[in-house]
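Below is one structure, written out as structure tokens; comments come after it.
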Amino acid sequence: MRTHLCNDLRREHIGAEIRVSGWVHRRRDHGGVIFVDLRDRSGLLQVVFHPPEEYGAGEAPAFDFDRAHQLRNEWVIAVRGVLRERPEGTVNPELPTGEVELEVLELEVLNQADTPPFQLDEADEVGEDIRLRHRYIDLRRPEMAANLRLRHRVVQTMRRYLDDRDFLEVETPVLTRSTPEGARDYLVPSRTHPGSFFALPQSPQLFKQLLMTAGMERYYQVAKCFRDEDLRADRQPEFTQLDLEMSFLDEEAIMQMMEGMVRAVFDAVGADSLPDPFPRMTYAEATRRFGSDRPDMRNPLELTELTEVMAEVEFKVFREPATSGGRVAALRLPGGGELSRKEIDDYTEFVGRYGAKGLAYIKVNDKAKGSEGLQSPILKFLPEDVVATILERTGAEDGDMVFFGADTRKVVNEALGALREQLARDRGLLAPGWRPLWITDFPMFEWDEDAKRYEPLHHPFTAPYPEHLDKLESDPGAALSRAYDLVLNGAEVGGGSIRIHDPETQRRVFNALGIGEEEAQEKFGFLLDAFRYGAPPHGGLAFGLDRLVALLAGADSIRDVIAFPKTQRASCLLTRAPSEVDPEQLKELGLRVSRTTQGGGS
């Protein structure tokens, strides 16, 4: 049916008889001569249909010219012809095949197509819901096809890198038991065990630790994972991660090995080179300087600590958080004095989404004039020496704007951290290139104010530093873990840790989390039992494959690098899933649907 792919043809093929197949990308009628841009998975080739009278004796084409007139976008055709050099003045330098064209001798229409719901070169002008409903057409767009090819190269490179280092690819179960990992499980009712449920895995965490106990030593898997949580542009209910685990290696060795793999991926896809080694920063420093444990290091803006400065001021908005365990911090925006009142109001509304009750600011008009050269509704509440300290610590200059956050540490970090990111995007402050960063020394736990107890910052199987073991009982909030996250341009692309491998440490961590022995045995007994039979020291990491590929592709959403993604409401517009099922299926499972009267939910 074909001898070549469209994009393979070059000047050296001129004069050869060629067969190609694909989709009609565009059709143009120029004074009786019909030009078609033929598209296959490799790219585009211009094919030309001449009227019969333009062929010489004995060269009559074996196709009905009227049939060529009927061709429309997205028809599937096969053609045979002779490759020619394009006439002078018609070369298309934008195409790899732009110097040649195929003069058609034979045409076969393999399948006709209805008018598509959108033209491939106009997809940006239609809603994403239309694209997802007709995803098989959307994936024909060259940029979408390129994203999937990029994804393939990334996975292929990862596999080769790990295979060369004696890793074993092992598949772990998809139907497992429900265990708490920080998000809701997707549950699957069991027909053979009425009243019982499987859970789809949020990660292969426990199974990969069991593989280490089983002596596999080096494991990886391109794993499907599932989380029933609220979605954003970088999240899906089902997602793919490269999951890894290693025995007899510490965090230093693991991070070095993973840096090598990421560099190999960047080399394979032609991305810019990465630093060697990757920079590192502790969780405490990252949140202090940037309000985030995934800072975008292309962004030059930093937070300035002012908590102790504000402890003595009369202004309650600043003093109360400063004296009650909260935080007061400032964010200087160079040239921010030109912001309009509306822009300031918009940023105030923006930080409100993160719990901030307002957004105080000082506009620096003329620093040399002291307070008289400043503009702010809060100046009357602040002593001159405090204002001077603020300007000195932030490094504010004429024309700058200084924003303030004052609240709990969580609110200040999240609000100013998000504001820092937004300001950099809005003001064009992001430097070009790639800025990887390891974040280390995470707290073991975070306090859940609603539940009044500690929760694991990562998961309950993360090992504490040996010198912090005693803090599990005396001061859990101060205990640090042997965890490490890889951040790339402000996105967390990988996260891992050294794991607990002995039953006693695991018991102490469970106790700190309020998980008693009976509950621990009920939920994790299979893992705790395995530890009793010789578990080696081990650690691992998981890369968010969708997120990493989206960054490399320059995509705004991971949906653009997944073949068949869900919407932000966790539905598939293509297959219309989730859907109702036959009552007989429910009966077999012993289930009954209870419909609510409001909103039609179930």
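Nothing in this text is a laboratory measurement; each read-out follows from the coordinates by a stated rule. In this text the structure is predicted, and so the values were computed from the model without any measurement. All Cβ positions, glycine included, derive from the backbone under ideal geometry; neighbour counts span all protein chains shown.
Values as computed for the structure displayed
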read-out: Helix 517-531 axis, angle to the chain major axis (alpha carbon atoms, nearest 10°); value: 60
read-out: Surrounding net charge for Leu391, when Lys and Arg each add one and Asp and Glu each subtract one, Cβ distance under 14 Å; value: -3
read-out: The range 525-589 versus the range 331-357: alpha-carbon centroid distance in Å; value: 36
read-out: Theoretical ellipticity at 222 nm over the chain - DSSP helices of four or more residues, -39500 (n - 2.57) apiece, nearest 500; value: -8500 deg cm²/dmol
read-out: When each of Lys208/Lys523; Lys224/Lys452; Lys224/Lys587; Lys316/Lys380; Lys316/Lys410; Lys357/Lys471 is checked by Cα-Cα distance, pairs over 24 Å; value: Lys224/Lys452; Lys224/Lys587; Lys357/Lys471
read-out: Sparse-neighbour loop sites [GluC sites (Glu not before Pro); the range 110-195; at most 15 other C-beta within 10 Å; DSSP]; value: Glu171
read-out: Qualifying trypsin sites (Lys or Arg not before Pro) in the range 371-463, DSSP loop, other Cβ atoms within 10 Å at most 16; value: Lys452
read-out: Answer label, with Cα extents along the principal axes in Å calculated from the coordinates and candidates (1) 143, 61, 47; (2) 74, 48, 47; (3) 99, 74, 58; value: (3)
read-out: Under the Karplus curve 6.51 cos²θ - 1.76 cosθ + 1.60, θ = phi - 60°, whole-Hz ³J(HN,Hα) for the range 494-509, x wherever Gly or Pro sits; value: x, x, x, 5, 6, 9, 6, 10, 10, x, 5, 5, 4, 4, 5, 5
read-out: Reach of Lys342 by Cα under 18 Å, taken over aspartates and glutamates that are not fewer than 8 positions away in the same chain; value: Asp400, Asp426
read-out: Interchain or long-range residues, amide H under 5 Å from Arg453's placed H; value: Asp448
read-out: Of the GluC sites (Glu not before Pro) in the range 495-602, those whose Cβ has at most 13 other Cβ within 10 Å and which sit in DSSP loop; value: Glu580
